[in-house]
Amino acid sequence: MEASTPSQSRREFNDAEAVARAFTFADLSSYSFRQRFLIRLADIAFYTIIRLVGSTIRYEVRGWENFEAATQNDQKPIHTFWHNRIFAAIHFWQKRSIVVMTSQSFDGEYIARFIQRFGSGAARGSSTRGGLPALIEMKRLIRLGYGAAFTIDGPKGPRYVAKVGAVLLAKKTGQPILPFTITAKHFWEARKSWDRTQAPYPFTRALVDIAPPIFVSADAGKEELEAKRDELQGVLDELERRGREWANGRQ
């Protein structure tokens, strides 16, 4: 049996640290006592509500064959969806070891915690703060066998405008982007939030619509990256249109 080299040992240690950062609660010592209390309270409250309400939702799934295509040959898809569907998405995709990019903020911290309670990981960063380190972390975790996810218009919008993070990660990893949306028939909407966060009502029906995977070449330049972002935008817009038609009884 060959002994590990120092560089191998360091890499294994760094890999273990990355997994621990993604799947265990972060230290809150930099927050005030009041903030720590509110983070823990919001974490438990949202987790409990999502778990209880989510267990009553009746899901209708379309495009599961696209998920199967995106995961064949041990591929690890990069799930992309709108920020305001995070409650339903976390419940539907729970316990699949998917790492979600969350913002480095007060709100991002309690979101990261209830995400972790559902068996997902959190890579802290965003398009506005800490994005590059978070992408590097997600690339490492994909190499270790974990999936990835982006609330693609987050963390602060504009609502329903896709950002380029998932496209960049697909280029760096060779993994497919998997766009999807979840449309609840009946839901509560936070009208004062930038994304109008949706919380499905108990016992509602919900459509999970999964689009075919999108691949990005490893040598993609600026023009191709922008074209792929536009393609992703178009796919998500179409999923949103179909979801509205389904909710209105026209499909």
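The single residue among I44, I111 that is at pLDDT 95 or above and either more than 21 Å from A211 (Cα to Cα) or crowded, with 20+ Cβ neighbours inside 10 Å (or both) turns out to be I44.
The residue that is farthest from G145 (Cα to Cα), among those in the stretch 41-78 that are of a type in the set (D, E, K, R) and assigned to a strand (DSSP E or B), is R58.
No other residue among V167, V216, V208, V235 is modelled with pLDDT of 95 or more, among the hydrophobic types (A, V, I, L, M, F, W, C) and in a loop (DSSP other than H, G, I, E, B) apart from V216. For the stretch 90-102, the condition of being modelled with pLDDT under 95, buried (at least 16 other Cβ atoms within 10 Å of the Cβ), of a type outside the set (S, T, Y) and in a loop (DSSP other than H, G, I, E, B) holds for none of the residues.
The values are calculated or read from the model by the stated rules, or taken from the named source; none is laboratory data. Everything numeric here is computed off the predicted structure, so don't read it as measured data. Heads up, the Cβs are rebuilt from the backbone with ideal geometry, glycines too, and the neighbour counts pull from every protein chain shown.
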